[in-house]
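Colleague: Sharing a structure below in structure tokens format, with a few things to ask.
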Amino acid sequence: MKKFLSVILCLTLLFTMSIPVFAVYETPYEDSEFFEYEGYSVHYRKLEAENQKGQILMIHGFAHTTYCWTDIATQLVSEGYTCVLVDLPDFGYSSRETADMKKLPREDIMHALMVHLSDDPWYVAGHSMGGFVAESIYDKYPESVNNILLYGTSGNINSPETAKLMGNETFIKLIVPFLKFIVKFDKVIEIAIKWCFFDNEYAATYDYSEILKSLRVPGTGEGVMYSFSMLSDTNYEAIKNGPPVLYMNGSKDAVIKKSAVKTLKENLPENSVYYEVQGGGHLFIENYADETAEVTLEFLKNNPSR
């Protein structure tokens, strides 16, 4: 049943992301910056700490933006950790991929941003799909990573067949108009997000506009298909033989498979920390931001930046 609901959620979000609008949000926040790399324009926000103890790249999950990290990042910055919140390609306010673009793996683009901003190693944080990217960054560029911080995620297996289908031009041309026709109302996204919170009280006051605006950047529906085709498989062996990992999940998360969580836990290196947020859903990083920040800060304290 949970697997079925997860599929419905993903399809629901994909449906809504296909609705076109006529506005382009070039500078969504006062601190918005853009990194140009091989045809991509990557939107990010840098929250700089005084007396810096370390720097953290924070990568959102499917259909979200830098907005999901705001509360946690504010607390981490106050404790001396500079946080760079970044939008993955095809989400938020970064480039939407087209058939004409030379498509690059997510981890290569994120690593290029890391090197552009600093020569020092980073902590790399990822929520959900962003966790897959964080794992791949460590796998390909271990010299640039202190530790990975994983939230509401697991390992990723992207079969060649799935990747080929999601990036197939004919498939994209067929499905995107169909998705536009099915979903026309904001309420659908709100229901999907509420389901991810598992917290009706918090969901009732949530500012959905932050997500809705970015989902309506032209080209999002097509771009998301390309995005799925570009995700790399998780190298469990690399994680197992690497530095300690912080791994947090919500006890009521109905998006991530329990079996996938178990597999990742079994491959965590020595001195890693696994923590379950009691009552938390898939988006616990927002409505349980204080608890998440507290656990994260304790981990960072015990694993200082090199």
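Colleague: In segment 238-259, how many residues are assigned to a loop (DSSP other than H, G, I, E, B), among the aliphatic types (A, V, I, L, M) and touching a strand residue (DSSP E or B) at 6+ places or on another chain (Cβ under 9 Å)?
Modeller: Qualifying residue count for the region: 2.
Colleague: When K46 is evaluated against the numbered criteria (1) within 23 Å of C196 (Cβ to Cβ); (2) in contact (Cβ under 8 Å) with a residue 60 or more places away in the chain; (3) touching an Asp or Glu at 6+ places or on another chain (Cβ under 8 Å), which criterion, by number, is the only one it fails?
Modeller: (1)
Colleague: List pairs: first residue in segment 204-219 and among the β-branched types (V, I, T), second residue modelled with pLDDT under 85 and surrounded by fewer than 17 Cβ atoms within 10 Å (Cβ to Cβ) anywhere in the structure, Cβ distance under 9 angstrom, at least six positions apart or on different chains.
Modeller: V217/V21; V217/A23; V217/V24; V217/Y25
Colleague: Just to be sure, is Y202 assigned to a helix (DSSP H, G or I), of a type in the set (S, T, Y) and at pLDDT below 95? Don't jump to the end; show me each part of the working.
Modeller: Details: assigned to a helix (DSSP H, G or I): yes; of a type in the set (S, T, Y): yes; at pLDDT below 95: yes.
For Y202, the condition - assigned to a helix (DSSP H, G or I), of a type in the set (S, T, Y) and at pLDDT below 95 - is met.
Colleague: All but one of (1) open to solvent by less than 60 Å² (accessible area, probe 1.4 Å); (2) over 30 Å from N302 (Cα atoms) hold for S251; state the number of the condition that does not hold.
Modeller: S251 satisfies every listed condition except (2).
Colleague: Which of the residues spanning segment 106-139 are assigned to a helix (DSSP H, G or I) and aliphatic (A, V, I, L, M)? Steps first, please.
Modeller: Going residue by residue through segment 106-139, those that are assigned to a helix (DSSP H, G or I) are 106-117, 129-139.
Listed by number, the residues that qualify are I109, M110, A112, L113, M114, V115, L117, M129, V133, A134, I137.
Colleague: Out of the residues in segment 95-139 meeting the condition of being open to solvent by 10 Å² or more (accessible area, probe 1.4 Å) and among the hydroxyl-bearing types (S, T, Y), tell me which one is farthest from N158 (Cα to Cα).
Modeller: Across segment 95-139, the extreme among qualifying residues is S118.
Colleague: Taking only pairs six or more apart or across chains, which ones have beta-carbon atoms under 7 Å, a first residue in segment 50-69 that is surrounded by 24 or more Cβ atoms within 10 Å (Cβ to Cβ), and a second residue that is assigned to a loop (DSSP other than H, G, I, E, B) and of a type in the set (S, T, Y)?
Modeller: Cβ pairs passing all conditions: G61/S128.
Colleague: Let me ask something else about it. Can you name the residue in segment 221-237 that is outside any helix (DSSP H, G or I) and surrounded by fewer than 19 Cβ atoms within 10 Å (Cβ to Cβ) and, of all such residues, is modelled with the highest pLDDT? I'd like the intermediate steps shown before the answer.
Modeller: Quick first cut of segment 221-237, residues outside any helix (DSSP H, G or I) only: 230-235.
Remaining after also requiring surrounded by fewer than 19 Cβ atoms within 10 Å (Cβ to Cβ): 233, 235.
Details: D233: 93, N235: 96.
Looking at the filtered set, the residue picked out is N235.
Colleague: Of everything in segment 258-306, what is surrounded by fewer than 14 Cβ atoms within 10 Å (Cβ to Cβ) and either of a type in the set (K, R) or more than 18 Å from A125 (Cα to Cα) (or both)? Give them in sequence order.
Modeller: Matches in segment 258-306: K258, S259, K262, E266, E270, Q278, K301, R306.
Colleague: Is it true that some residue in segment 268-278 is assigned to a loop (DSSP other than H, G, I, E, B) and in contact with a helix residue (DSSP H, G or I) (Cβ under 6 Å, 6 or more places away or on another chain)? Outline the logic, then answer.
Modeller: Kept after step one, since they are assigned to a loop (DSSP other than H, G, I, E, B), are these residues of segment 268-278: 268-272, 278.
So of that shortlist, the ones also in contact with a helix residue (DSSP H, G or I) (Cβ under 6 Å, 6 or more places away or on another chain) come out as 269.
Yes, there is a match, as at least one residue in segment 268-278 is assigned to a loop (DSSP other than H, G, I, E, B) and in contact with a helix residue (DSSP H, G or I) (Cβ under 6 Å, 6 or more places away or on another chain).
Colleague: Out of the residues in segment 140-162 meeting the condition of being more than 24 Å from M225 (Cα to Cα) and aliphatic (A, V, I, L, M), tell me which one is surrounded by the fewest Cβ atoms within 10 Å (Cβ to Cβ).
Modeller: Residues of segment 140-162 more than 24 Å from M225 (Cα to Cα): 141-149.
Remaining after also requiring aliphatic (A, V, I, L, M): 145, 148-149.
Values: V145: 21, I148: 26, L149: 26.
Out of the qualifying residues, it is V145.
Colleague: Let me ask something else about it. Can you find even one residue in segment 175-187 that is assigned to a helix (DSSP H, G or I), at pLDDT 85 or above and either open to solvent by less than 70 Å² (accessible area, probe 1.4 Å) or not aromatic (F, W, Y) (or both)?
Modeller: Within segment 175-187, none of the residues are assigned to a helix (DSSP H, G or I), at pLDDT 85 or above and either open to solvent by less than 70 Å² (accessible area, probe 1.4 Å) or not aromatic (F, W, Y) (or both).
Colleague: List every residue pair whose Cβ atoms lie under 7 Å apart, where the two residues are 6 or more positions apart in sequence or sit on different chains, the first residue falls within segment 289-306 and is over 13 Å from S272 (Cα atoms), and the second residue, located anywhere, is open to solvent by 100 Å² or more (accessible area, probe 1.4 Å) and modelled with pLDDT of 95 or more.
Modeller: Filtered contacts from segment 289-306: S305/K53.
Colleague: Here is a further query. Touching a helix residue (DSSP H, G or I) at 6+ places or on another chain (Cβ under 7 Å), at pLDDT below 95 and among the hydroxyl-bearing types (S, T, Y), is that true of Y29?
Modeller: no
Colleague: Further, regarding this structure: Just name the residue that is least open to solvent (accessible area, probe 1.4 Å) out of those in segment 27-49 that are assigned to a loop (DSSP other than H, G, I, E, B) and farther than 21 Å from S227 by Cβ.
Modeller: A49
Colleague: Going residue by residue through segment 157-174, is there one that turns out to be under 19 Å from the mean Cα position of the chain (by Cα) and either part of a helix (DSSP H, G or I) or charged (D, E, K, R) (or both)?
Modeller: yes
Colleague: Is there any pair linking a residue in segment 73-86 that is on the phi < 0 side of the Ramachandran plot to one that is surrounded by 24 or more Cβ atoms within 10 Å (Cβ to Cβ) and among the hydroxyl-bearing types (S, T, Y), with Cβ under 7 Å and at least six apart or on different chains, and which?
Modeller: L76/T296; L85/T66; V86/T66
Colleague: Still on this structure, I have one more. Residues that are under 27 Å from H111 (Cβ atoms) and within 17 Å of the chain's Cα centre (by Cα): does segment 181-198 have at least one?
Modeller: no
The values are calculated or read from the model by the stated rules, or taken from the named source; none is laboratory data. Remember, predicted model here, so these are calculated numbers, not experimental data. FYI the Cβ positions are ideal-geometry reconstructions off the backbone, even for glycines, and counts take in every protein chain you see. Side chains included, ligands, DNA and RNA excluded: accessible areas come from the protein's heavy atoms. Shrake-Rupley method; radii C 1.70, N 1.55, O 1.52, S 1.80 Å.
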